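Only the coordinates and a few stated rules stand behind these numbers; no lab work does. Because the structure is a prediction, the values reported are computed rather than measured. With ideal geometry, Cβ positions are generated from the backbone for all residues, glycine too; neighbour counts draw on all protein chains shown.
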């Protein structure tokens, strides 16, 4: 398959992604009407009657603990202990990006765009469930953010496609030079290090 054909497919995928986002926004709008809530500056606002219904459906903390499976209680310290390495990675990657990206000329990544904390606004969740949801949102956000930092770093330092396609290849790899193509790599490396024009298409 030629490079031009790949670019054509990628552009088509981008257009399909925009169509998908439009459909998702439409569905979310319908869901907001169904479950009677609105978004105001990132904050969820439920109708008072719905909020009261949610509170009535909340499982109390003691009941939640009492009905929890023993295996979940036993391993909970392990999953929560991971907050320390995750936080450490978040801090280290952020420091790296803030110091090195300006030196390399890589566009800054807005870290806040990768974190969504809204589940704790659901009144039918008790405090334990809200803490769990906050933890999951933070951990997922960190790794999405780190993945983007790695993708841009890889484009700058080693923009070479792998010989074997993996399951978790990032979207920027499609710009990279083919594996084994030494001539193109040497010819295009400097240009690839400055090729960030597509970032206005980020999704």
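So the values come out like this:
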| quantity | calculated |
| --- | --- |
| Separation of the residue 190 and residue 137 label points, Cα + 7 Å toward Cβ, nm | 4.7 nm |
| GNM top mover of 160, 27, 91 - the chain, alpha-carbon springs below 10 Å | 27 |
| Nearest-ten-degree value, helix 83-104 long axis tilted from longest Cα axis of the chain | 30 degrees |
| The range 32-82: translational diffusion in µm²/s, Stokes-Einstein, Kirkwood Rh over Cα pairs, 25 °C, 0.890 mPa s | 176 µm²/s |
| Per-residue Cβ neighbour rank within 10 angstrom, fewest leading, 183, 148 | 183, 148 |
| Measure of compaction for the range 97-180 (Cα Rg per 2.2 N^0.38 Å) | 1.46 |
| Viscosity 1.002 mPa s, temperature 20 °C, Stokes-Einstein D of the chain from Kirkwood C-alpha radius, µm²/s | 102 µm²/s |
| Where labels lie 7 Å past Cα in the beta-carbon direction, separation of residue 9 and residue 100 in nm | 3.1 nm |
| Degrees separating the helix 127-157 axis from the principal Cα axis of the chain, which is the longest one | 0 degrees |
| Kirkwood Rh in Å, taken over all unlike Cα pairs in the range 138-178 | 10.9 Å |
| Convex hull projection area averaged over all views, the range 5-122, Cα basis, nm² | 12.9 nm² |
| Tilt relative to the chain, helix 3-35 - C-alpha long axis, 0 to 90 degrees, to 10 | 10 degrees |
| Most mobile listed residue (118, 181, 108) in the chain, GNM with C-alpha springs under 10 Å | 181 |
| Semi-axes of the equivalent ellipsoid for the range 2-63, Cα gyration tensor, largest first, Å | 41, 15, 9 |
| Fluctuation leader among 42, 141, 166 - the chain, Gaussian network, Cα springs under 10 angstrom | 166 |
| Helical contribution to [θ] at 222 nm, DSSP H n ≥ 4, -39,500 (n - 2.57), averaged over the chain, rounded to 500 | -20500 deg cm²/dmol |
